[in-house]
Every structure is written in C-alpha cells, then in structure tokens.
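Here is the structure we will look at, set down as structure tokens.
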Amino acid sequence: MAGQGIAELRFHDLRHEATSRFLEKGLNVMEVAAIKGHKDIRML
C-alpha cells in the first residue's frame, strides 16, 4: 500500500489491521472472534 495513499484504503483493510493488532496484544482467537462478531473461529 505504500505510495498509494488513502484512496486505495478499504474497510476490509481496517478490519484486518485491527484483527492483527488484537492478536499481537495477546488476545486469544476466541476473544478476537467475539469482538469481531464471529460465532465460529473458522470465519476469523
């Protein structure tokens, strides 16, 4: 994404970034799935 600016940013990109950061901060997969509204971790 470098050099493309914010015009290429999508909502999905923000969701992916948040998921990655939650996991980096030490939340487990079940916690992240609950935060994101997934009932099944396979959706995560």
* Determine whether ILE35 is out of contact with any Pro (no Cβ under 6 Å at 6 or more places or on another chain) and at pLDDT below 90. => no
* Taking the chain as the region of interest, how many residues are assigned to a loop (DSSP other than H, G, I, E, B) and among the hydrophobic types (A, V, I, L, M, F, W, C)? -> 5
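The values are calculated or read from the model by the stated rules, or taken from the named source; none is laboratory data. Just so it is clear, the structure is predicted and the values come from calculations on it, not from any experiment. Backbone-built Cβ (ideal geometry, glycine too); neighbour counts: all protein chains shown.
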